[in-house]
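Take a look at the structure set out below.
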Amino acid sequence: MMLLIVGLALFLGVHLLPTIPEVRDGLRNRVGAGAYKAIFSILSLIGFAVIVFGYHKMQLHPGKNPVLWDPPVWTRHIALLLMLPAMIFLVASQVPSRIRSAVKHPTLLAIKLWALAHLLSNGDLASLLLFGSFLAYAIYDRISVKQRGALGPLGDKQPSSILNDVIVVGAGLALYAALLLGGHAWLIGVAPLPSVSM
């Protein structure tokens, strides 16, 4: 459990830096913009790797990962539904579109939907720590970006045509289908549909 907590603290801690502009700017001025980005990326990757390893380790040892509640089957159906818009919003974060303009911060909305979906369908301690932490982070960061007036990774770039919306929805649906039909089982080791196995 400690590994997972350390990984979450490192990964989310690094990602909370932009929410405190004074600290972020002070670090950037001290080490330089390029070094700041490099350190940010390296610490993020290390944190992510520790999260994956810590979560996997807890899943392998049920004694260290108690089941806090047993989710009913219907929660898995809701999780499947929530993951569809989550994938579309994830793609929207990288493509200028009317969807992105309407949502404003699609990455954070995608994280919230992803985390909520997995909290609903998993009742073990490791899942509560992992998905609960990301949900809390996304909620906090959404409030923060609104207060700071942050524009997100694409800045104020506007969509060029309705084709961008079609691309976002199409790519989101393709990503969702890929995860549903084997990608999730291959990456995570758990098939979201009973008929899909590794």
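The values are calculated or read from the model by the stated rules, or taken from the named source; none is laboratory data. Keep in mind it's a predicted model, so treat the numbers as computed, not measured. Glycine also receives a Cβ, built like all others from the backbone with ideal geometry; neighbour counts cover every protein chain displayed.
The one condition from (1) assigned by TED's automatic domain parsing to the domain that holds TYR140; (2) loosely packed, with under 15 Cβ neighbours inside 10 Å; (3) not small (Gly, Ala, Ser) that LEU45 does not meet is (1). Checked against the criterion of being in a loop (DSSP other than H, G, I, E, B), at pLDDT below 95 and not assigned by TED's automatic domain parsing to the domain that holds VAL6, segment 100-114 has at least one qualifying residue. Listed by first and then second residue, the pairs with beta-carbon distance under 7 Å, at least 6 apart or on different chains, first residue in segment 164-177 and without any contact (Cβ under 8 Å) to a residue 24 or more places away in the chain and within 13 Å of LEU84 (Cβ to Cβ), second surrounded by fewer than 17 Cβ atoms within 10 Å (Cβ to Cβ) and aromatic (Phe, Trp, Tyr), form an empty list.
The residues of segment 59-83 that are touching a strand residue (DSSP E or B) at 6+ places or on another chain (Cβ under 8 Å) and among the aliphatic types (A, V, I, L, M), listed by number, are VAL67, LEU68.
Give segment 49-72 a look and list any residue that's assigned to a helix (DSSP H, G or I), at pLDDT 90 or above and either under 16 Å from LEU129 (Cβ atoms) or assigned by TED's automatic domain parsing to the domain that holds LEU128 (or both), or say none. Within segment 49-72, VAL50, ILE51, VAL52, PHE53, GLY54, TYR55, HIS56, LYS57, MET58 meet the criteria.
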